[in-house]
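The block underneath contains the structure these notes are about, expressed in structure tokens.
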Amino acid sequence: MPSASLPCVELAIGLKVKGDSYSRRTPLMTMWKRYTLLLAAVIILLGIWTGMTTGSRLVWVVFGLTLLLVGGLGWYIEQEVIRPARRLRQEVERAVAGEKGVGMWRQRRGEIGRLSQTLATYQDHVQEEHGYLTHQLKRLQTVFAQMADGVIITTPLGNVQMANLAALKLFSQTHDQVIDRSFAEVVRHHDIIHLWQRCMETNEPHHNVIEVRGGLFLQVDCTPLNEAGVRAGCVILLHDLTSVHRLETVRRDFISNISHELRTPLASLRAVVDTLHNGALDDPPIAQRFLARADHEVDALTQMVQELFELSRIESGRVPLKLTSTAIDGVIENVIGRMHSAAERKHLTIEKDIAKNLPPVLVDPPRIEQVLTNLLHNAIKFSLDGGTVTIVAKPSPIDAGFIQVSVQDNGVGIPKHALSRIFERFYKIDRARTSGQGTGLGLAIAKHLIQVHGGKIWATSRENKGSTFYFTLQVSGE
Ligand code: ADP
């Protein structure tokens, strides 16, 4: 609290402290001096006149004593009242002017002393309160600045009075660009402005979840500010719900996907059982065919359950890694050997390009083979006949101390909107296209396995041109 805002202090002795009137002499002092001099002059004149008219010696004595008494009284009042009052006034003036360390004249006795002590206590109290409020203000400012949620305070006229860092980031503005500008101009979003206007009009809180731009979801809470029954503006709280919204979508998709994945083999099994019931059992060759189909569906279901179980184990960190220093070349060779026949069936060429002197990596080899198998399996699956799949291993251009492995195909590619979702459980771009060709768990498993190894995994793609999947692995310290 700045010193200028200290309240006006009116002293009972007639000293008025306010604004720039400090330098004026106080009425009490002026009055006292004027009346003392007047009284002395009156006594002298009266004494001379009486002495001269009566010629009595007693009159001269009384006159002398009275003069002495008045002079003594004057001196006493000057010492005990006027001076302390002046000094007190000067101290109060300095305190009001914001000077620190001004100690009120506490030692004085009498009324002035008591007044001085009361003022000193009052000053201590004001300073304490000032310190406390400054501390609280700083704390509040820190909390506002650190808050992940955006906070904007508007005046009753609708101008922005305060906006924290999160709010500035949300609307890509700087502090100077928003302060004192109209809220509508700063936010530039119809639904948020409408919500805020309703709050201002009704003087009641209003909330809504609003999609701002490009998939950014905000929970907007507008609360009217009322100070002592008077409208003082509005507080707008902006909570980013994008990740919650995304998780909600993932959860919904997960349930719908798992139901879909289960429904297909179960419907097939139902059909097999019905056909067998309806007489196919009596025809052994047909029965054999249907049993083989049932066998296939049960295998698919079992694989899905196993993969789900595996994924949940990896996610919850229940898969202990046996990390060893491993040459990535050997891992790549093993996987190519295993996928060779699948590639041949589609007349695909698998090429590899391993950088020379690539350091060994610290991995659990079977786990990384599993990652590479899933990626290579997809590359083969989503390539057209006669295509090429290339596996490259080199030092990571982004992360020092890591190597980067990539699996590139020139197959069907992945649409832009799906690129950020392909690592989700059960996510398949085109269910019809891939139906029966996988569980949609392969990339989710690969992602989690790479993450538990401390690496990163991502993909780039162009539709109908092909895709490249990358992952990084930490170089072994040995
Ligand atoms: P799936 O078992 O169905 O292959 P994944 O998790 O491995 O499941 O892959 C998820 C989806 O990502 C696939 O269904 C496919 O749509 C897409 N995908 C993965 N790899 C590729 C690729 N190399 N080319 C095109 N699409 C791919």
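Readers should treat all values here as calculations from the given coordinates under stated rules, not as data from a laboratory. Note that the structure is predicted; figures quoted are calculated from it, not measured. Cβ sites come from the backbone with ideal geometry, for glycine too, and all protein chains shown count toward neighbours.
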| task | For the chain, find the longest principal axis of its Cα atoms and tell me its angle to the long axis of helix 57-77, 0 to 90°, nearest 10. | result | 10
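Going by C-beta contacts inside 10 Å, put 322, 356 in order with the fewest on the left.
356, 322
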| request: Note the full-extension length gain between residue 267 and residue 80 as 0.36 nm times their separation in residues minus their Cα-Cα distance, in nm to one decimal. | output: 56.5 nm
| said: Quick query: amide H of residue 350 versus all other amide H atoms, modeled in the peptide plane; which residues come in under 5 Å with a sequence gap of 5 or more or a different chain? | reply: 389
| remark: Taking R0 as 51 Å and r as the Cβ-Cβ distance between residue 58 and residue 90, the FRET efficiency 1/(1 + (r/R0)^6), rounded to the nearest 0.05, comes to 0.65
| said: With n ≥ 4 as the cut-off for DSSP H runs, can you work out [θ] at 222 nm for the chain, using -39500 (n - 2.57) per run divided by the number of residues, rounded to the nearest 500? | reply: -17500 deg cm²/dmol
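What FRET efficiency, computed as 1/(1 + (r/R0)^6) with R0 = 60 Å and r the Cβ-Cβ distance, is obtained for residue 143 and residue 258, rounded to the nearest 0.05?
Efficiency computed from Cβ-Cβ geometry: 0.90.
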| field | Nearby aspartates and glutamates by direct alpha-carbon distance to residue 352 (threshold 20 angstrom, same-chain neighbours under 8 apart not counted) | value | 329, 333, 344, 369, 385, 409
| Length gain on complete extension for the stretch residue 462 to residue 190, per 0.36 nm per residue less the alpha carbon to alpha carbon distance? | 94.4 nm
| Label residue 289 and residue 37 with points 7 Å out from Cα along Cα→Cβ: what is the distance between them in nm? | 13.5
| query | Given 346/447; 169/456; 356/447; 322/416, which pairs have Cα atoms separated by over 31 Å? | reply | 322/416
| message | With angles folded into 0 to 90 degrees, how steeply does helix 328-345 sit against the dominant principal axis of the chain? Use alpha carbons for both and round to 10. | response | 50
| message | I need to check one value: relative contact order of segment 64-169, counting alpha carbon pairs closer than 8 Å and at least 6 residues apart, in percent. | response | 13
| Point-to-point label distance, residue 175-residue 155, nm (Cα→Cβ direction, 7 Å offset) | 1.9
| request: Please find the FRET efficiency linking residue 344 to residue 197, where r is the Cβ-Cβ separation and R0 is fixed at 56 Å, and quote it to the nearest 0.05. | output: 0.25
| task | Would you mind working out the magnitude of the charge dipole of segment 244-315 relative to its Cα centre, with +1 at each Lys and Arg C-beta and -1 at each Asp and Glu C-beta, to the nearest 20 Debye? | result | 260
| remark: Out of 451, 328, 133 - ranked by how far each Cα lies towards the positive end of the dipole of the chain, with unit charges on the beta-carbon of charged residues - the top one is 133
| About its Cα centre, what dipole magnitude does the chain give when the only charges are +1 on Lys and Arg Cβ and -1 on Asp and Glu Cβ, stated in debye to the nearest 20? | 2340
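State, as an integer percentage, the relative contact order of the chain based on alpha-carbon contacts under 8 Å between residues 6 or more apart.
Over the chain, the number comes to 8 percent.
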